[in-house]
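A quick write-up on the structure given underneath.
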Amino acid sequence: MSFFKSVYEAVKLIPKGRVATYGDIARYVGSPRAARVVGYALHVNPEPNAIPCHRVVNREGRLAPSFAFGGMEVQKALLEAENVEVSDDGYVDLAKYGFKFA
């Protein structure tokens, strides 16, 4: 399986109402130093309706400043629609909403 496909399959595991970090996904797919590549894979997500890349944030819980499918405000709206609280400055509380892969 290609790295990007592995990333997409991992992102599909994040449940509604939760978020994971780029680093979490990189570790889960066996490439712990590839967080930036995970970000790129999500930036070119071929199926944004099936692969919920809006549920991925940085290691501090910050939304993507250039979310590929409409910007940070779109990512924020998608997360809030899933009852994830996003601060006014674009952060999610990872202790509360963070998803840990098994």
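The values are calculated or read from the model by the stated rules, or taken from the named source; none is laboratory data. All of these numbers come straight from a predicted model, not from anything done at the bench. So basically every Cβ, Gly included, is an ideal-geometry build from the backbone, and we count neighbours across all protein chains shown.
Residue count for the stretch 13-72 under the criterion of being in contact with a Ser or Thr (Cβ under 9 Å, 6 or more places away or on another chain) and at pLDDT below 95: the result is 2.
The set of residues in the stretch 13-32 that are among the charged types (D, E, K, R) and surrounded by 13 or more Cβ atoms within 10 Å (Cβ to Cβ) comprises Arg18, Asp24, Arg27.
Of everything listed in (1) of a type in the set (A, V, I, L, M); (2) under 16 Å from Phe99 (Cβ atoms); (3) touching a residue at least 24 places away in the same chain (Cβ under 8 Å), the single unmet condition for Ala26 is (3). Within the stretch 1-43, if we keep just the residues that are more than 13 Å from the chain's Cα centre (by Cα) and among the hydrophobic types (A, V, I, L, M, F, W, C), the residue that is farthest from Met72 (Cα to Cα) turns out to be Met1. What residue, among those in the stretch 47-56 that are of a type outside the set (D, E, K, R) and in contact with a Phe, Trp or Tyr (Cβ under 8 Å, 6 or more places away or on another chain), is nearest to Gln75 (Cα to Cα)? Within the stretch 47-56, the match that is nearest to Gln75 (Cα to Cα) is His54.
Per-residue answers, yes or no, for (1) in a loop (DSSP other than H, G, I, E, B); (2) without any contact (Cβ under 8 Å) to a residue 24 or more places away in the chain; (3) closer than 16 Å to Ile25 by Cβ; (4) touching a strand residue (DSSP E or B) at 6+ places or on another chain (Cβ under 9 Å):
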| site | (1), (2), (3), (4) |
| --- | --- |
| Ala41 | no, no, yes, no |
| Glu60 | yes, no, yes, yes |
| Phe69 | yes, no, no, no |
| Lys76 | no, yes, no, yes |
| Asp88 | yes, yes, no, no |
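When Val84 is tested against the conditions (1) of a type in the set (A, V, I, L, M, F, W, C); (2) in a helix (DSSP H, G or I); (3) crowded, with 19+ Cβ neighbours inside 10 Å, the lone failure is (2).
Let's see how each residue does on (1) hydroxyl-bearing (Ser, Thr, Tyr); (2) under 18 Å from Ala10 (Cβ atoms); (3) in contact with a His (Cβ under 6 Å, 6 or more places away or on another chain):
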| residue | (1), (2), (3) |
| --- | --- |
| Val38 | no, yes, no |
| Pro48 | no, yes, no |
| Glu60 | no, no, no |
| Val74 | no, no, no |
| Asn83 | no, no, no |
| Val86 | no, no, no |
| Tyr91 | yes, no, no |
| Tyr97 | yes, yes, no |
| Phe101 | no, yes, no |
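Scanning the stretch 91-102 for residues that are in contact with a strand residue (DSSP E or B) (Cβ under 6 Å, 6 or more places away or on another chain) and farther than 17 Å from Lys16 by Cβ turns up just one, Tyr91.
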